[in-house]
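Colleague: Okay, handing you the structure first.
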Amino acid sequence: MSRQVAEQTVLELNQRLMAWHQFLKEPAFARECYRSRRNSRNNYQSLRKLIDALFKRYGRLTVLRVDLSYSKMDGPYIDYETARYHREQLCETFHRHELFVHLLGYAWKLEWKPQKGFHYHFLFFFHGHHVQEDVPHAKRIGELWVHSITGSQGVYRNCNKNAENVYHYNALGCIDYHDFEKQRGLEYIARYLTKIDEYAEMLVTGRKFQTSAMRDVPEGPRPGRPRLFPAYRSFGDVDFP
């Protein structure tokens, strides 16, 4: 690179940097930052309320986390509309596929990475007395995504596999209402799923996070056998380091 070309390159880079700093001062940018933070807080509260409601109604949940994405060859070329269509197709199967007969609730988060492209983090809550084999069940959901939903363009990660050795606070698999240690892990999962993804915020104007509809908690005493342990308390009330 000649001196003249180098000086011109430095000048252009400085101009872009100044423009970037100026943009950060614009009121519109500040409003977008505030909106993103507000949405993140609201999403976190929605997921917490869903989990709290499920534990108040059911004594045991089986929690699955499956990350759904696309192959290295296809991922960079999958646009948002295609990814959204695949996600909608998957959610439609919740009402008719035998895999989801005992599904009690779910949440999903859309993210985007330069090399990976669009991908989804799915959190599933199943009735713990009916679905106990979490790793095989998560695998079947991943295979459904790969073969039936995306036509072999998709790939998946079964986060339940070897979860006890992967996550410091493991909140996957069967969780009883009195297992506050695993509920501690749910707090971290909730915060991770609802954190701001800057790439997706810039690329997508549509929905990037959603929880299933809230299940009503019946008033009065809980039906069934009395619980042997202290009443369930919201995992959000547990002390964290």
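The values are calculated or read from the model by the stated rules, or taken from the named source; none is laboratory data. Just so you know, these numbers come straight off a predicted model, no measurement behind them. FYI the Cβ positions are ideal-geometry reconstructions off the backbone, even for glycines, and counts take in every protein chain you see. Each accessible area value is taken on the protein alone, full model and side chains, heavy atoms only, with ligands, DNA and RNA left out. Shrake-Rupley method; radii C 1.70, N 1.55, O 1.52, S 1.80 Å.
Colleague: Hey, can you tell me all the residues within the stretch 138-172 that are open to solvent by less than 30 Å² (accessible area, probe 1.4 Å), within 15 Å of LEU90 (Cβ to Cβ) and of a type outside the set (Ser, Thr, Tyr)?
Modeller: Scanning the stretch 138-172 gives ALA138, ILE141, GLY142, LEU144, TRP145, VAL146, ILE149, GLY154.
Colleague: Take GLY128 and tell me if it is more than 17 Å from ASN158 (Cβ to Cβ), in contact (Cβ under 8 Å) with a residue 40 or more places away in the chain, surrounded by fewer than 21 Cβ atoms within 10 Å (Cβ to Cβ) and touching a strand residue (DSSP E or B) at 6+ places or on another chain (Cβ under 9 Å).
Modeller: For GLY128, the condition - more than 17 Å from ASN158 (Cβ to Cβ), in contact (Cβ under 8 Å) with a residue 40 or more places away in the chain, surrounded by fewer than 21 Cβ atoms within 10 Å (Cβ to Cβ) and touching a strand residue (DSSP E or B) at 6+ places or on another chain (Cβ under 9 Å) - is not met.
Colleague: For the stretch 26-79, what are the residues that are within 30 Å of HIS147 (Cα to Cα), among the hydroxyl-bearing types (Ser, Thr, Tyr) and in contact (Cβ under 8 Å) with a residue 60 or more places away in the chain?
Modeller: Result: THR62, SER69, TYR70, SER71.
Colleague: Quick check on the stretch 80-94: of everything there that is open to solvent by less than 30 Å² (accessible area, probe 1.4 Å) and in a helix (DSSP H, G or I), which residue is nearest to GLY117 (Cα to Cα)?
Modeller: Ranking the candidates gives ALA83 first.
Colleague: In the stretch 97-125, what residues are open to solvent by 30 Å² or more (accessible area, probe 1.4 Å) and more than 10 Å from the chain's Cα centre (by Cα)?
Modeller: Passing the criteria: HIS97, GLU98, VAL101, HIS102, TRP112, LYS113, PRO114, GLN115, LYS116.
Colleague: May I pose another question? Among (1) modelled with pLDDT under 85; (2) under 19 Å from the mean Cα position of the chain (by Cα); (3) assigned to a helix (DSSP H, G or I); (4) over 19 Å from TYR80 (Cα atoms), which single condition is ALA200 missing?
Modeller: For ALA200, the failing item is (4).
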